[in-house]
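Undergrad: Got a structure for you, written out below as structure tokens; questions coming shortly.
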Amino acid sequence: MNTASEITAEPSAIVQRKVRMQQLLIAYILTGLLFLLLPGTFLGVWNLISISSRHALDSLSPAWIQAHGHAQIFGWIGTFILGIGFYSLTKMGRLPTFAIPRGWTCFALWTTGITLRWFEGVVGWQWRILLPFSAFLELAGFLLFFQTVSSHRPAASTAELQSTSRKPEPWMLLVIGSTFGFLVTLLMNLIATIQVSIDNTGPAFAHVPDQRMITLATWGFLVPAVWGFNARWLPVFLGLGQPRPRFLFLAFGLAWAAILAEFFGPLTWFAALLPFAALSAVLALHIAEPSIQPAKITGVHPSFPYFVRLAYVWLLIAAALSIRASWNDVSGGIWGASRHALTVGFLSTMVFAIGQRILPAFCGARVLYSPRLMLASLAALNIGCLLRVVSEIPAYEANVRIAWHLLPCSAVIELLAVSLFAANLALTLLQPPAHLRSLIAIS
């Protein structure tokens, strides 16, 4: 029979493990912000200024450009997703003792792999060995994450045991599907790095493999992940109706059909499917419909719901531009505008909006440092993205002089947006958690 001290010790140990898991999440978030600021955005700004000064996309090393993109997709958003995935174990019942050590091991593998990939793209030292090794480390980190999360089973209550036959919710299935896309992307990345190493063609992928990799990473992994989490959170945060599962699964199926079409069919087939996937997601999530409940904007800027909806406008623009690019893109300007509308307009806007809404709560029930900084970061991000999209096509495709001057302006504005976002989150995480603030106020 347990003594009173043993009974009180067990909850104390659980609380300590949860605090340590919050510390792990904070490490993932801060590291993701570093990847976003330095090898991600700063390198991207440097790249764009160099391209604009020479009025030519091919004047810059493709390895530099790909290193920037890899840091943005995997170094920033990928790191966020892994950290949130580990943290989700604290919400699934009893926290396993092995989760925290594995979380730190995954952190070491993942961040080392991302850093090596960026280093090889910029410097190229011993790239035939270190480039595949970086891809291997990333895959190993993900597999450790996947094994940890998938093997954990929460302690179920009697009511939950009686309902074990209930099917997973649609948002869960979409998140699982995006996780599969994450795995496939990392596998393809490893294969591609091994191939360029064997062929000794340099630390950059050729245009066609790189285009396929970007499509797989965005439409196979990141975009479905956003749809899945939106299906879970938007009915609460924006007061929208419950998602329409059929349209949600249709969007996911069309996205993967587009990916397969790009790998095995004509490029026009791939591009033609993307607008239908985007429209299906809009219908599934009620994005274009009025809210049925008031939006929950406590602690964030009141403009939060508008930017979430604006992100889907960028998704539709990206899909539409991909069709035009498949018809008559010559110098990469239309493809670049489409890719930027997707990665910055849709994905980054969504992370800036949803991230500043949920991450402070995950990290010890903190409160966002400044809703005004949230508005400023979102506004600057979308202004910069608009300038980039409208100027990239005339600059690259028609060599319009004023468009070349607008490109670096867009990059600087986006760098400002990223800096404000990173500062707001960092200042938020530096504040004490809610329960400690209460104790400080009482004392």
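The values are calculated or read from the model by the stated rules, or taken from the named source; none is laboratory data. Predicted, not measured: the structure shown is a model, and the values here were computed from it. Glycine also receives a Cβ, built like all others from the backbone with ideal geometry; neighbour counts cover every protein chain displayed.
Undergrad: On the given criteria, is residue 183 modelled with pLDDT of 95 or more, surrounded by fewer than 20 Cβ atoms within 10 Å (Cβ to Cβ), part of a helix (DSSP H, G or I) and not assigned by TED's automatic domain parsing to the domain that holds residue 309? First the steps, then the outcome.
TA: Details: modelled with pLDDT of 95 or more: yes; surrounded by fewer than 20 Cβ atoms within 10 Å (Cβ to Cβ): yes; part of a helix (DSSP H, G or I): yes; not assigned by TED's automatic domain parsing to the domain that holds residue 309: yes.
Answer is yes for this residue.
Undergrad: Same structure, new question: With 77, 51, 29 as the choices, which residue is of a type in the set (A, V, I, L, M), at pLDDT 75 or above and over 24 Å from residue 432 (Cβ atoms)? Spell out how you get there, then give the answer.
TA: Details: 51 fails: at pLDDT 75 or above; 29 fails: over 24 Å from residue 432 (Cβ atoms).
Checking each option against the conditions leaves just 77.
Undergrad: Return only the number of the condition from (1) part of a helix (DSSP H, G or I); (2) at pLDDT 95 or above that residue 262 does not satisfy.
TA: Among (1) part of a helix (DSSP H, G or I); (2) at pLDDT 95 or above, the lone unmet condition for residue 262 is (2).
Undergrad: Let me ask something additional. Can you confirm whether residue 219 is modelled with pLDDT under 95, in contact with a helix residue (DSSP H, G or I) (Cβ under 9 Å, 6 or more places away or on another chain) and either surrounded by fewer than 18 Cβ atoms within 10 Å (Cβ to Cβ) or among the aromatic types (Phe, Trp, Tyr) (or both)? Working first, answer last.
TA: Details: modelled with pLDDT under 95: no; in contact with a helix residue (DSSP H, G or I) (Cβ under 9 Å, 6 or more places away or on another chain): yes; either surrounded by fewer than 18 Cβ atoms within 10 Å (Cβ to Cβ) or among the aromatic types (Phe, Trp, Tyr) (or both): yes.
Against the criterion (modelled with pLDDT under 95, in contact with a helix residue (DSSP H, G or I) (Cβ under 9 Å, 6 or more places away or on another chain) and either surrounded by fewer than 18 Cβ atoms within 10 Å (Cβ to Cβ) or among the aromatic types (Phe, Trp, Tyr) (or both)), residue 219 does not qualify.
Undergrad: Which one of 347, 359 is at pLDDT below 95 and within 15 Å of the chain's Cα centre (by Cα)? Don't jump to the end; show me each part of the working.
TA: Details: 347 fails: at pLDDT below 95.
359 is the lone residue from the list that is at pLDDT below 95 and within 15 Å of the chain's Cα centre (by Cα).
Undergrad: Now a separate question. Restricting to segment 106-134, count the residues that are more than 29 Å from residue 356 (Cβ to Cβ) and assigned to a helix (DSSP H, G or I). So that I can check it myself, show each step before the final result.
TA: Of the residues in segment 106-134, the ones more than 29 Å from residue 356 (Cβ to Cβ) are 116, 119-134.
If we keep only those that are assigned to a helix (DSSP H, G or I) too, we end up with 116, 119-122, 127-134.
Qualifying residue count, segment 106-134: 13.
Undergrad: While we're on this one: Looking only at segment 272-311, how many residues end up being among the polar types (S, T, N, Q) and either within 15 Å of residue 352 (Cβ to Cβ) or under 22 Å from the mean Cα position of the chain (by Cα) (or both)? Don't jump to the end; show me each part of the working.
TA: Taking segment 272-311 and keeping what is among the polar types (S, T, N, Q), we get 280, 291, 293, 298, 303.
So of that shortlist, the ones also either within 15 Å of residue 352 (Cβ to Cβ) or under 22 Å from the mean Cα position of the chain (by Cα) (or both) come out as 280, 303.
So the answer is 2.
Undergrad: Quick one: in segment 393-412, which of the residues that are free of Cβ contacts under 8 Å to residues at least 60 places away in the same chain and surrounded by fewer than 20 Cβ atoms within 10 Å (Cβ to Cβ) is nearest to residue 370 (Cα to Cα)?
TA: 409
Undergrad: Something else: Would you be able to say whether some residue in segment 340-354 is over 30 Å from residue 66 (Cβ atoms) and in contact with a Lys or Arg (Cβ under 8 Å, 6 or more places away or on another chain)?
TA: First pass over segment 340-354, keeping only residues over 30 Å from residue 66 (Cβ atoms): none.
No, segment 340-354 contains no residue that is over 30 Å from residue 66 (Cβ atoms) and in contact with a Lys or Arg (Cβ under 8 Å, 6 or more places away or on another chain).
Matching residues to (1) part of a loop (DSSP other than H, G, I, E, B); (2) in contact (Cβ under 8 Å) with a residue 60 or more places away in the chain:
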{"site": "352", "(1), (2)": "no, yes"}
{"site": "355", "(1), (2)": "no, yes"}
{"site": "359", "(1), (2)": "no, yes"}
{"site": "364", "(1), (2)": "yes, yes"}
{"site": "373", "(1), (2)": "no, no"}
